[in-house]
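A.B. asks: Here's a structure for you.
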Amino acid sequence: MQARLERVEDYLVQGSHNMPFNIERTTASLPSADNGQLESDPSDPDLAEVSGDVTQDVLEAVPQSHTNTLDTESPMQSATLMLPTANEVFTKWFQSYHPWFPILHQGSFQGLPAFESPDQELVYKAVTAVVIFDQADSLPWHQARASDLRDQVLLQGLATSSLQSVQALLILSSHFYARGQLTGFWNVLAICKRLLAHPNLQRHGVSPPCTYTSRARMTHRHVMSSSIVQEEARRAFWMVEMLDAISTLGLPHSMPYSPSPFGASLPCLESQWSSTPTVIERSDSEPRYASGFALCIMLSVEELKVVREFLGRSYDLDKLDQRLDWQSEAQRLDERLTNWREEFVAAVFQLINYETGHLPRGEMESFFTLTNCILNEAIIVLLQQMAPMPKGIETTFEHWAFATTRCTYACENLTAKTQPDVVTDVYTTQLDRLAAKVLRLHELHDPSSRVMIAISGVPGSGKTTLATAIAAKLQSAQPTENFVTMIPMDGFHLYRSQLAAMPNPAEAIHRRGAAFTFDSERFHRLVQALREPVTNATPQIFAPSFDHAVKDPVEDDICVPKEARIIVFEGLYLSLDREPWRSAASLMDELWFLNIDRELSRARLIERHVASGIVPDRAAAEHRVSSTDMLNADDIIQNRLHAHEYIEF
């Protein structure tokens, strides 16, 4: 494979003087994309430039539908066949594929009266091939035509050093991967990597400048609002890196893997990318992670790097000392992944609040789901060596209970995330009723006031799940962006330094999560500020979030814009009959309390603590639940204010 790629690179470098690089689109005289016809032209000069030996050598591992894909005698090649129009194809792409593969700019490909360049037509061919391949009811000649288009893209993509050729090849890579043709997928992905490193592309600024830092952070820098092409290039670059990292996770550690990239700024906010006109710029008020795509990139490329490095080390698990070392390091990495999961959950909530109009499915958005699945896969890959083996595979050491528990949890979570998004009639009915009630309250309110809902319950009752769902449903019912904001109570935890300064610091730290370990006065002040009438002079109001990686609040991390008219709070003590919680509750429009069976919540918490790795085993988890969570639950139940809604699912 390396030898093949070197031959391709040599060819590209030698031929770079006559390879077009169309970074600025100029109108070309081409057939209309709307007439539904696409002529196969074996005399295409771009195709003629490709060396037959090089092309065949690179693509010989890719399954082909015909041995000679450019046979000029074939009636299939010479006939003009009716295909879906460009608008039909791209409408299908942006509806069904783009949420999972957001590398194209919608405004640049939809509604065009004609292709603006041969490279843009190449992207159309790739999209058309993928769409036709995925249609189970397509006719045989459609499939043959799709194979022809696929082969044209593969050949023509090698002949040019343009961004569009990378995009077209990337689109085809998804086809190979979906069909399980991993050799073809990896070959195409490797070609995309080399094309992105080509001097022509780097000279024109396609390879993004370095603004990348470790631990999933993005430095804020201004990006020219007119640089749609640069954003497309940035997305192509990161998609290649992400796909490479995901597809090789779990392969034998002798296989080479891509190191952490030299650095590039992450993709922009989806609201900016889909806006008309498109204006791309960074601001200090936007979330730390601009999109689910950015979160998935950081997990795949940066966080999973340490898992790869660990799996690449040599351990003899038959030897006790080395097995103990392996377990210690594996558990440390598992804890790191758990911390990242908590940080990911917090980032998802922040994004849902900030980009509500562009995330109608809330936490079930495509890249949120994909990131969850990759995270679970990483846990399985990391620990499966010491989990129970199937019958017929013998080991000379006993399996590790921690590995068994974590792999089981990851499998169950993975299954839950990949099942169809179906909810019970009871849940749907409750959610619809509650959303309708809040919207009715908004209609009855003075336009200058906000509707504020406080959702509380014992630990493990499902507060966050309900708050996220109701916020998404309310936002989807309104055309106004930032109409709903969700504020978790976690940001009002006292800092660890404050707990350490208490008279009994050991107890304070152990009981973190109890009512006295929150800054209740500060929470009350926030509610008071949000209760004030909204005027033209009303500023943005900020609330803290909680960083599970550092286990402390993050100041001013949640923005409540002036446009927000519904605020959804969620937390343990929002209906606690104790000052100042009582005063804060009195300012709410409604208090909702989640009822749950005590033993069910206890079981959930035990599983959560074991799965997160904060305790070594189930016995320790049971002790933690009894000595902290259940004490908090008792306090909540025994000192509860009257609620407007008692909810049970």
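A.B. asks: Does Ala454 satisfy the criteria of being crowded, with 22+ Cβ neighbours inside 10 Å, in contact with a Pro (Cβ under 9 Å, 6 or more places away or on another chain) and within 21 Å of Ser586 (Cα to Cα)?
C.D. replies: So Ala454 fails the test.
A.B. asks: Tell me yes or no: at least one residue of region 484-498 is polar (S, T, N, Q), within 19 Å of Cys559 (Cα to Cα) and part of a loop (DSSP other than H, G, I, E, B).
C.D. replies: Restricting attention to region 484-498, the residues satisfying the condition of being polar (S, T, N, Q) are 485, 497-498.
Retained after the next criterion (residues that are within 19 Å of Cys559 (Cα to Cα)): 485.
The next check asks that each one be part of a loop (DSSP other than H, G, I, E, B); those that pass are none.
No, region 484-498 has no match at all.
A.B. asks: Can you tell which of Val554, Val550 is β-branched (Val, Ile, Thr) and either touching a Phe, Trp or Tyr at 6+ places or on another chain (Cβ under 8 Å) or at pLDDT 95 or above (or both)?
C.D. replies: Val554
A.B. asks: Let me confirm something: among Leu600, Leu587, Leu631, Leu641, which residue is surrounded by 17 or more Cβ atoms within 10 Å (Cβ to Cβ) and not assigned by TED's automatic domain parsing to the domain that holds Ala403?
C.D. replies: Answer to the selection: Leu641.
A.B. asks: To continue, here is another question. Go through region 457-483 and give me each residue that's buried (at least 22 other Cβ atoms within 10 Å of the Cβ) and among the polar types (S, T, N, Q).
C.D. replies: Result: Ser461, Thr468, Gln475.
A.B. asks: So how many residues does region 513-525 have that are touching a residue at least 40 places away in the same chain (Cβ under 8 Å) and either in a loop (DSSP other than H, G, I, E, B) or charged (D, E, K, R) (or both)?
C.D. replies: Residues in region 513-525 being touching a residue at least 40 places away in the same chain (Cβ under 8 Å) and either in a loop (DSSP other than H, G, I, E, B) or charged (D, E, K, R) (or both): 2 in total.
Residue-by-condition table, conditions (1) surrounded by 13 or more Cβ atoms within 10 Å (Cβ to Cβ); (2) in the same structural domain as Leu439 (by TED's automatic domain parsing); (3) not hydrophobic (A, V, I, L, M, F, W, C):
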{"site": "Ala500", "(1), (2), (3)": "no, yes, no"}
{"site": "Asn504", "(1), (2), (3)": "no, yes, yes"}
{"site": "Arg511", "(1), (2), (3)": "yes, yes, yes"}
{"site": "Arg531", "(1), (2), (3)": "yes, yes, yes"}
{"site": "Thr538", "(1), (2), (3)": "yes, yes, yes"}
{"site": "Phe546", "(1), (2), (3)": "yes, yes, no"}
{"site": "Val554", "(1), (2), (3)": "yes, yes, no"}
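A.B. asks: Just checking, does region 309-321 include any residue being of a type in the set (A, V, I, L, M), closer than 21 Å to Trp100 by Cβ, assigned to a helix (DSSP H, G or I) and modelled with pLDDT under 90?
C.D. replies: no
A.B. asks: A follow-up question, please. Quick check on region 85-111: of everything there that is among the aliphatic types (A, V, I, L, M) and at pLDDT 85 or above, which residue is surrounded by the fewest Cβ atoms within 10 Å (Cβ to Cβ)?
C.D. replies: Leu104
A.B. asks: Looking at Ile379, is it more than 22 Å from Phe546 (Cα to Cα) and either buried (at least 17 other Cβ atoms within 10 Å of the Cβ) or modelled with pLDDT under 70 (or both)? Explain how you work it out, then say what you get.
C.D. replies: On the way: more than 22 Å from Phe546 (Cα to Cα): yes; either buried (at least 17 other Cβ atoms within 10 Å of the Cβ) or modelled with pLDDT under 70 (or both): yes.
The answer is yes for Ile379.
A.B. asks: Name every residue in region 444-456 that is of a type outside the set (S, T, N, Q) and either modelled with pLDDT of 90 or more or touching a helix residue (DSSP H, G or I) at 6+ places or on another chain (Cβ under 8 Å) (or both), in order of residue number.
C.D. replies: The first filter runs over region 444-456 and keeps only residues of a type outside the set (S, T, N, Q), leaving 444-447, 450-455.
Of everything in region 444-456, those that are of a type outside the set (S, T, N, Q) and either modelled with pLDDT of 90 or more or touching a helix residue (DSSP H, G or I) at 6+ places or on another chain (Cβ under 8 Å) (or both) turn out to be Arg450, Val451, Met452, Ile453, Ala454, Ile455.
The values are calculated or read from the model by the stated rules, or taken from the named source; none is laboratory data. Everything numeric in this text was worked out from a predicted model, so none of it was measured. FYI the Cβ positions are ideal-geometry reconstructions off the backbone, even for glycines, and counts take in every protein chain you see.
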